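Colleague: Below is a structure I'd like to ask you about.
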Amino acid sequence: MKRFLLISGLLAVAGIVMTGCHYSKIKEMVQKQVFGSKDGKEVYLFTLRNKADNVIRLTNYGAKITWIEVPDKNGKHDNITFGYDTFDQMVAGDMSFGSVVGRYANRIAKGTFTLDGVVYHLPLNNGPNTLHGGPKGWHSVVWNAEIISESKVPSVRFTYHSPDMEEGFPGNVDAEVVYTWTDNNEIVMDYKCTTDKKTVINVTNHAYFNLHGAGNGDILDHVLTLRASAFTPVDSVMIPTGEIRPVAGTPFDFTTPHTIGERIGENYDQLKLGLGYDHNFILDNTDPVDVTVYEPASGRVLEVITDQPGMQLYTGNFLTGSQIGHGGKPYNYRTGFCLESGHYPDSPNHPDFPSTVLNPGETFKSQTIYRFSTK
């Protein structure tokens, strides 16, 4: 009996030691520092480092990704996503860079939609439309933040309570995104939302990428494979017409690899409307990887894996160089691209599109992964 108690005691002590070692290791893998303050709340910058010593940085302001540092084929490290050096620059800068976008990512026509006979009106911030949840959407609020100490790899949870009628959307919504930075250089983004009233939800991350390194030239030489057999054409204000158009025979066919710039200037109606690519692609969702982007000079590869039905490809058509990012580098015309997983634009006004309605008692869950490698 004494021997049993001794062994039990030793095991308990070992468990405490192991737990302490694990917490110590997590502190090494995830570092937290004060970045600023807004609306009376502290804003933090989290630095996540994996076993390969590659780094991403996150902030609870807009639940943003602000830095992704990965090597090229020669082992040279560089940051490949848009962001800012200071919090003041971030607040004054582009609302989208690296943000979690909600409640409704992408556009809603005329800022209106109807649920159960009730018409909801949203603030307009994109010509006649509402874009990315409105001017005070989830990109511009301070989220609660928690380092997940029980995780074996660097992981941070952001949560936000979106009150009923915030930016015109019904229902009290509790939103969560967990970022995990794996030893395989994957940013795993797990989203979860619940509501107490029928509402619409479309959540994405709005990171800009340049695999040369952020601010280092344009992205027209990046080779894109996008496993989507159709896309949703848009009208003159970038709202889907309702047509589902096959990509075959068009400049939108990336089912086989093409550089982004190869056909971007063609005389094609949708390219002229978007001033380039700014369209929702309907994913086939049949392959293990939905999108692959390869930059030959650096050898960097980005793969995107998602359970969502759509992917918005945006090629930085409205970047002007007015935004000065990390290291004082301007983000010029077509120096970044976005791959925004989610549902289709304006789905609440298109009953034929996959539904974005979330009911009380239901939980919206989704996962998107950015995986980085070289070849």
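Colleague: On the basis of being closer than 19 Å to residue 291 by Cα, buried (at least 17 other Cβ atoms within 10 Å of the Cβ) and not β-branched (Val, Ile, Thr), does residue 323 make the cut?
Modeller: Details: closer than 19 Å to residue 291 by Cα: no; buried (at least 17 other Cβ atoms within 10 Å of the Cβ): yes; not β-branched (Val, Ile, Thr): yes.
Spelling it out, it is not the case that residue 323 is closer than 19 Å to residue 291 by Cα, buried (at least 17 other Cβ atoms within 10 Å of the Cβ) and not β-branched (Val, Ile, Thr).
Colleague: Hey, can you tell me all the residues within the stretch 238-270 that are in contact with a strand residue (DSSP E or B) (Cβ under 9 Å, 6 or more places away or on another chain), hydrophobic (A, V, I, L, M, F, W, C) and either buried (at least 16 other Cβ atoms within 10 Å of the Cβ) or not in a loop (DSSP other than H, G, I, E, B) (or both)?
Modeller: Scanning the stretch 238-270 gives 238, 239, 247, 252, 254, 260.
Colleague: Right, here's the next one. Would you list the strands (runs of 3 or more DSSP E) that sit entirely within the stretch 85-183 and hold 1 or more residues that are at pLDDT below 95?
Modeller: Values: elements: 112-115, 118-121, 144-147, 155-162, 173-181.
Once the strands (runs of 3 or more DSSP E) in the stretch 85-183 are filtered for at least 1 residues that are at pLDDT below 95, nothing remains.
Colleague: Same structure again: Does residue 334 qualify as being surrounded by 17 or more Cβ atoms within 10 Å (Cβ to Cβ), in a loop (DSSP other than H, G, I, E, B) and among the basic types (Lys, Arg)?
Modeller: Numbers: surrounded by 17 or more Cβ atoms within 10 Å (Cβ to Cβ): yes; in a loop (DSSP other than H, G, I, E, B): yes; among the basic types (Lys, Arg): yes.
Answer is yes for this residue.
Colleague: Right, residue 260: modelled with pLDDT of 95 or more, under 16 Å from the mean Cα position of the chain (by Cα) and among the β-branched types (Val, Ile, Thr) or not? It would help to see each step written out before you state the result.
Modeller: Values: modelled with pLDDT of 95 or more: yes; under 16 Å from the mean Cα position of the chain (by Cα): no; among the β-branched types (Val, Ile, Thr): yes.
So residue 260 fails the test.
Colleague: List every residue pair whose Cβ atoms lie under 6 Å apart, where the two residues are 6 or more positions apart in sequence or sit on different chains, the first residue falls within the stretch 27-51 and is exposed (fewer than 14 other Cβ atoms within 10 Å of the Cβ) and of a type in the set (Phe, Trp, Tyr), and the second residue, located anywhere, is in a strand (DSSP E or B) and modelled with pLDDT of 95 or more.
Modeller: Here the result reads none, with nothing in the stretch 27-51 linked to a residue that is in a strand (DSSP E or B) and modelled with pLDDT of 95 or more.
Colleague: A follow-up question, please. Please go through (1) touching a helix residue (DSSP H, G or I) at 6+ places or on another chain (Cβ under 8 Å); (2) farther than 28 Å from residue 236 by Cβ for residue 143 and return the number of the only condition it doesn't satisfy.
Modeller: All conditions are met except number (1).
Colleague: Any residue in the stretch 307-320 that's more than 12 Å from residue 338 (Cα to Cα) and assigned by TED's automatic domain parsing to the domain that holds residue 97: show its pairings with residues that are among the aliphatic types (A, V, I, L, M) and at pLDDT 95 or above at Cβ separation under 7 Å, as long as the two are six or more apart or on different chains.
Modeller: Here the result reads 309/282; 309/283; 310/282; 310/283, each pair linking the stretch 307-320 to a residue that is among the aliphatic types (A, V, I, L, M) and at pLDDT 95 or above.
Colleague: Could you check the stretch 288-303 and list, in sequence order, the residues that are in a strand (DSSP E or B) and either under 11 Å from residue 223 (Cα atoms) or among the hydroxyl-bearing types (Ser, Thr, Tyr) (or both)? Explain how you work it out, then say what you get.
Modeller: The first filter runs over the stretch 288-303 and keeps only residues in a strand (DSSP E or B), leaving 291-295, 300-303.
Of everything in the stretch 288-303, those that are in a strand (DSSP E or B) and either under 11 Å from residue 223 (Cα atoms) or among the hydroxyl-bearing types (Ser, Thr, Tyr) (or both) turn out to be 291, 292, 293, 294, 295, 300, 301, 302.
Colleague: Another question about this same structure. Which of (1) among the hydroxyl-bearing types (Ser, Thr, Tyr); (2) crowded, with 20+ Cβ neighbours inside 10 Å; (3) not in a strand (DSSP E or B) does residue 341 not meet, given it meets every other one?
Modeller: All conditions pass for residue 341, except number (3).
Colleague: Kindly provide the set of residues from the stretch 292-308 that are closer than 23 Å to residue 364 by Cα and surrounded by 18 or more Cβ atoms within 10 Å (Cβ to Cβ), ordered by number.
Modeller: So the first thing to find is which residues in the stretch 292-308 are closer than 23 Å to residue 364 by Cα, and the list is 304-308.
If the condition is that a residue be closer than 23 Å to residue 364 by Cα and surrounded by 18 or more Cβ atoms within 10 Å (Cβ to Cβ), then 304, 306, 308 are the ones that fit.
Colleague: A further question follows. Which one is farthest from the chain's Cα centre (by Cα), of the residues in the stretch 103-135 that are crowded, with 20+ Cβ neighbours inside 10 Å and among the hydrophobic types (A, V, I, L, M, F, W, C)?
Modeller: Ranking the qualifying residues of the stretch 103-135, first place goes to 113.
Colleague: Here's a follow-up. Quick check on this structure: which one of 150, 146, 167 is acidic (Asp, Glu) and touching a strand residue (DSSP E or B) at 6+ places or on another chain (Cβ under 6 Å)?
Modeller: Numbers: 150 fails: touching a strand residue (DSSP E or B) at 6+ places or on another chain (Cβ under 6 Å); 167 fails: touching a strand residue (DSSP E or B) at 6+ places or on another chain (Cβ under 6 Å).
From the options 150, 146, 167, the qualifying one is 146.
Colleague: Considering only the stretch 192-206, I want to know if a residue exists there that is acidic (Asp, Glu), within 30 Å of residue 374 (Cα to Cα) and either assigned by TED's automatic domain parsing to the domain that holds residue 44 or at pLDDT 95 or above (or both).
Modeller: First, pick out the residues of the stretch 192-206 that are acidic (Asp, Glu): 196.
In the following step, the residues that additionally are within 30 Å of residue 374 (Cα to Cα) were identified as none.
Looking for residues that are acidic (Asp, Glu), within 30 Å of residue 374 (Cα to Cα) and either assigned by TED's automatic domain parsing to the domain that holds residue 44 or at pLDDT 95 or above (or both), one finds none in the stretch 192-206, hence no.
Colleague: Here are 367, 312: which of them is buried (at least 22 other Cβ atoms within 10 Å of the Cβ), polar (S, T, N, Q) and part of a strand (DSSP E or B)? Step through it out loud before you land on a result.
Modeller: On the way: 367 fails: buried (at least 22 other Cβ atoms within 10 Å of the Cβ).
After ruling out the rest, the residue left standing is 312.
Colleague: Looking only at the stretch 211-247, count every residue that is farther than 30 Å from residue 85 by Cα and either of a type outside the set (Val, Ile, Thr) or within 20 Å of the chain's Cα centre (by Cα) (or both) and tell me the total. Talk me through it step by step, then tell me what you get.
Modeller: Start the filter on the stretch 211-247 by keeping residues that are farther than 30 Å from residue 85 by Cα, which leaves 225-247.
This time we only want the ones that are either of a type outside the set (Val, Ile, Thr) or within 20 Å of the chain's Cα centre (by Cα) (or both), so: 225-231, 233, 235-236, 238, 240, 242-243, 245-246.
So the count comes out to 16.
Colleague: Here is a follow-up. Answer with yes or no whether residue 279 is without any contact (Cβ under 8 Å) to a residue 60 or more places away in the chain, buried (at least 16 other Cβ atoms within 10 Å of the Cβ) and not β-branched (Val, Ile, Thr). Talk me through it step by step, then tell me what you get.
Modeller: Numbers: without any contact (Cβ under 8 Å) to a residue 60 or more places away in the chain: yes; buried (at least 16 other Cβ atoms within 10 Å of the Cβ): yes; not β-branched (Val, Ile, Thr): yes.
The answer is yes for residue 279.
The values are calculated or read from the model by the stated rules, or taken from the named source; none is laboratory data. The structure displayed is predicted, hence computed values, not measured ones. Here Cβ is always computed from backbone atoms with ideal geometry, including for glycine, and neighbour counts include all displayed protein chains.
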